[in-house]
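My questions will all concern the structure given below.
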Amino acid sequence: MSKLKILVVDDEPGIRSGIIRILKNFKVDYAFMEENIGFDIIEAETGEIGIEMINNEKPDIVLLDNKLPGMQGVEVLDYINENKINTIVVMITSYASLDIAVRATKNGAYDFIPKPFTPQELKYSIESIAKHIFIKKMSDTLSLGQKQMRYDFIKALSLELKKPIAKIDEDINIIENKIYGDNINDYEKNIKSITLNFKNLKNFINDFSDLTQLETGMYNRVIKTHDIIKIAKKSIEKIKKPAHEKGIEIVFEAPEKILHNVYDAEVETVFDNLLSNALKYNLENGKIEFKITDFDDIIKITISDTGIGMEKSDITKLFNEFVRIKNEKTKDIIGNGLGLSIVKRITELYKGEINVYSNIGKGTTFIITLPKNI
């Protein structure tokens, strides 16, 4: 467990002991942290002693009373700012006033808690600060190039979330304000649009969660012997209805059984994404061919469609996050650009390879080869 050091500067022994009692066993848990954050607490009864301890002990957080004998709390805060001391200050005072709060926050106090405060109020503030420190430390370790990549990723993520949310909001506004009158049937198009965009948003969140888990390795991979054919049939079952509605024939060719050591959820995700793509980018009354071949040293998975295809120059971009091939034929096809990135990462987990072959107007073929002995 990592520890943050907290200095409590307050002339009231009861306040100091109360804070110690509240925080001594308090721990903060946060997404992506490998371990909880706990706290070591030291104390000072005056501003002068507080400054001495700030210089010597280098606390991460200072809980600072304003009304102190001698030097006041805001003067300690001024000293911290003037000397550019790297610590986060929370002002705590029973003489809470708007003037003090404004001055403290303008001078760099992170938070302001008036006495009397509840244990929960104190814990909430400390939890917020601990998370802030954790994120800042992570950010400080990133190089300039990594920070740019992080910015680009967050920007792309934000754009992907905004699109379906904006469309849902637009359709809800039309329905709420009865733009087309009182007949509910006149809003069927808007209701379908809300359903579609909500589904797209849900799929995006699920895909992003899968991608995050793959990137960090923070999930429980249960590798054991599974029947690959059984997993494939489960994925095929999911697209049967929409394929039938689009007049698309699904042809599955495979042995009766292929046993392999895998995490079944990962293999199912690969099949789901590739079959979903073969369906989305196919033509009306087209065909999806799904073939699994069992060789001595590899398992070969081939999924082909008779769809719109793509340029060779587009194939190299396919496996990047948030990438979708944009042209006149794909403009109305909904997707989030994460599925193939997930497929590639899972394939690489099994030391496999993925290749793509495509011709405009004729279709696309994905071929995955998985070695049996890894």
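For residues that are under 14 Å from Asn282 (Cβ atoms) and in contact with a strand residue (DSSP E or B) (Cβ under 7 Å, 6 or more places away or on another chain), scanning just segment 344-367, find the one that is surrounded by the fewest Cβ atoms within 10 Å (Cβ to Cβ).
Result: Thr365.
Could you check how many residues of segment 68-92 are touching a residue at least 40 places away in the same chain (Cβ under 8 Å) and within 12 Å of Val9 (Cα to Cα)?
Residues meeting the conditions: 5.
Select from segment 292-348 the residues that are within 18 Å of Leu279 (Cα to Cα), modelled with pLDDT of 90 or more and among the charged types (D, E, K, R) and list them in ascending order.
Asp305
Step by step: first the residues of segment 143-170, then only those that are of a type in the set (Asp, Glu) and under 13 Å from Leu201 (Cβ atoms), then the one that is modelled with the highest pLDDT. Which residue is that?
Asp169
Take the residues of segment 263-287 that are closer than 12 Å to Ala232 by Cβ and in contact with a strand residue (DSSP E or B) (Cβ under 6 Å, 6 or more places away or on another chain): which is least open to solvent (accessible area, probe 1.4 Å)?
Among them, the one singled out is Leu274.
Considering only residues that are of a type outside the set (Gly, Ala, Ser) and touching a strand residue (DSSP E or B) at 6+ places or on another chain (Cβ under 8 Å), which ones fall in segment 295-307?
Asp297, Ile298, Ile299, Lys300, Ile301, Thr302, Ile303, Asp305, Thr306
Could I ask something else about it? When you scan segment 241-262, do you find a residue that is among the β-branched types (Val, Ile, Thr), touching a Leu at 6+ places or on another chain (Cβ under 7 Å) and either closer than 22 Å to Leu370 by Cβ or assigned to a helix (DSSP H, G or I) (or both), even just one?
No, segment 241-262 contains no residue that is among the β-branched types (Val, Ile, Thr), touching a Leu at 6+ places or on another chain (Cβ under 7 Å) and either closer than 22 Å to Leu370 by Cβ or assigned to a helix (DSSP H, G or I) (or both).
The values are calculated or read from the model by the stated rules, or taken from the named source; none is laboratory data. Just so we're clear, the structure is a prediction, and the values are computed from it rather than from any experiment. As a convention, Cβ positions derive from the backbone with ideal geometry for all residues, glycine included, and neighbour counts pool all protein chains shown. What goes into the accessible areas is simple: the full protein's heavy atoms, side chains included, and nothing from ligands, DNA or RNA. Shrake-Rupley method; radii C 1.70, N 1.55, O 1.52, S 1.80 Å.
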